[in-house]
1. Any of K21/K95; K13/K45; K13/K95 with alpha carbons more than 19 Å apart? Name them for me.
2. Once you order the gyration tensor axes a ≥ b ≥ c over the Cα atoms, which shape class does segment 1-47 get: rounded for a/c under 1.5, otherwise prolate or oblate by comparing a/b with b/c?
3. Extension gain N11-H46, at 0.36 nm per residue separation less the Cα-Cα distance, in nm?
4. So, R0 is 22 Å and r is the distance between the beta-carbons of E36 and Q105; what FRET efficiency does that work out to, to 0.05?
Amino acid sequence: MQHCKICTHPNVKEINERLVKGDSNRILATEYGVTESCLHRHKLKHIPQSLTKAFQEIVEKDSFDIMSKIDFLIKETEDIYTVSRNGGRDLLALKSLDSLRNHYQLLINISAQLHANRVLELELLKARNGETDDEEKKEFEHNIKILSTEELKVLIRIQNKVNNQTDETIISDGIVMPE
Ligand SMILES: [Zn+2]
């Protein structure tokens, strides 16, 4: 199989983020010295389309329930893994594991971006209100409160997966598979 020039590009993370945000192939092709067709194929085959759509929807609604949407996608992929594995369809099971890794990688990128945005917002708000450093603790507490219980749960589960999942196992709802 031919290597994807985007997947092997040194700026792949940046390119993925910008593709997800909806930057045009034409602009990215010029900026990163790659072809539009490479970007097109990469976006189609290597970035989960539904995730791209979900992110765009969220941006349009200016809402932060993206975590639960990604959680849904992860659950769907996990279901595919479980069904494939139980049905002895090892190749499909492996493919869904790969897909899960992509979901996580993208999720990490998006979370980092959202977090950076929020920190920036808080910094701007602070500067505008002329607050002192003494109030940083309050700001932090407020920052955590912005996340819903469901979002916190998802975040904890993702951290658990990222920290504990190996090549041979997958963690679904806190349960390690294969047992
Ligand atoms: Zn690719």
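Please treat every number below as a calculation from the coordinates, not as lab data. What you see is a predicted model; the values in this text were computed from it and never measured. No Cβ is skipped: glycine too gets one built from the backbone with ideal geometry, and neighbour counts run over all protein chains shown.
1. Working: K21/K95 25 Å; K13/K45 16 Å; K13/K95 21 Å.
From K21/K95; K13/K45; K13/K95, over 19 Å: K21/K95; K13/K95.
2. rounded
3. Numbers: separation 35, 0.36 × 35 = 12.60 nm, distance 1.51 nm.
Using 0.36 nm per residue and subtracting the Cα-Cα distance, I get 11.1 nm.
4. Values: r = 23 Å, r/R0 = 1.06.
Efficiency for this residue pair is about 0.40.
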